[in-house]
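Chemist: For reference, the structure I am asking about is given below.
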């Protein structure tokens, strides 16, 4: 059964409407993963706090400065505008990093696409038949409550270890990849 994916999807089994640049014609995406969306909440809270700082802190700073130096109103407006541009940049950077760092499991290989910045991305892959060991780890109360964790994949390829960090349903991810390994082993026999 194919699952319809949306822009904010973190876990999709047999996703519909997703392709990637090096996908082969006969290759089918089995699993599409991003870090759990709950990991964006600390960044959103931080940005929320940074948004309310100027109306609270800036007047106190400007009042103390205006006793010794007269600051034009234009400087204050530019200071606020600069502050909000930086805050928006922080939020945008974190959302872009979350959105474009993806993990894909196909019927032939596993793929880790790491978006470092606008001009640099890292693409790593390993064939399913090169996977030697797979395990997962869930640590902490939040990870247990929201069912996310790290999936560790050890391979016999160029990149010996893959880590799918903070992905939803790590036990399910391990099961899906283990099933693919077994199917691949039966095809080879």
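Chemist: Test residue 145 against the criterion of being in a helix (DSSP H, G or I), under 30 Å from residue 93 (Cβ atoms) and over 17 Å from the mean Cα position of the chain (by Cα), and give yes or no.
Modeler: Against the criterion (in a helix (DSSP H, G or I), under 30 Å from residue 93 (Cβ atoms) and over 17 Å from the mean Cα position of the chain (by Cα)), residue 145 qualifies.
Chemist: Would you be able to tell me the number of residues in segment 18-63 that are in contact with a strand residue (DSSP E or B) (Cβ under 9 Å, 6 or more places away or on another chain) and either part of a helix (DSSP H, G or I) or on the phi > 0 side of the Ramachandran plot (or both)?
Modeler: 3
Chemist: How many of the residues in segment 128-139 are in contact (Cβ under 8 Å) with a residue 40 or more places away in the chain and in a strand (DSSP E or B)?
Modeler: 2
Chemist: So how many residues does segment 156-182 have that are at pLDDT 90 or above and surrounded by 13 or more Cβ atoms within 10 Å (Cβ to Cβ)?
Modeler: 17
Chemist: Let me ask something else. Given the conditions (1) in contact (Cβ under 8 Å) with a residue 12 or more places away in the chain; (2) over 19 Å from residue 43 (Cα atoms), and given that residue 142 satisfies all but one, which numbered condition is not satisfied?
Modeler: Going through the list (1) in contact (Cβ under 8 Å) with a residue 12 or more places away in the chain; (2) over 19 Å from residue 43 (Cα atoms), residue 142 breaks only (2).
The values are calculated or read from the model by the stated rules, or taken from the named source; none is laboratory data. For clarity, every value in this text was computed on a predicted model and none was experimentally measured. Here Cβ is always computed from backbone atoms with ideal geometry, including for glycine, and neighbour counts include all displayed protein chains.
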